[in-house]
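Heads up, the thing below is written out as structure tokens.
Derivation of every value follows stated rules applied to the coordinates shown; laboratory data play no part. Here the structure is a predicted model, which is why all the values come from computation and not from measurement. So basically every Cβ, Gly included, is an ideal-geometry build from the backbone, and we count neighbours across all protein chains shown.
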Amino acid sequence: KALIAILGLSYIQPFEDGNKRTSRLLANAILLAYDRAPLSYRSVDENDYREAVLVFYELNSLMLFKKIFVSQCEFAAKNYAVK
């Protein structure tokens, strides 16, 4: 759900500004609702993140972004405590 939220909301661009930030917040809210750690993407190269989003936008492929998302879920599980 969180993966679809982050890509889907940023893809449809419902707001004039802040679509990607809002989609990351929504995705983190979903993760927290399921007792999962929020994702910060701080360990992701900015260019890799952009490329993964563009591949989704242009090719409808989740592959690159899913790889980033899963690695960030693993990073968050190791580094952040959710209570």
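When you restrict to C-alpha pairs under 8 Å that are six or more residues apart and normalise by the size of the chain, the relative contact order lands at 30 percent. Projecting the Cα atoms of Ile68, Gln13, Tyr49 onto the dipole axis of the chain, where Lys and Arg carry +1 and Asp and Glu carry -1 at the beta carbon, places Ile68 farthest toward the positive end.
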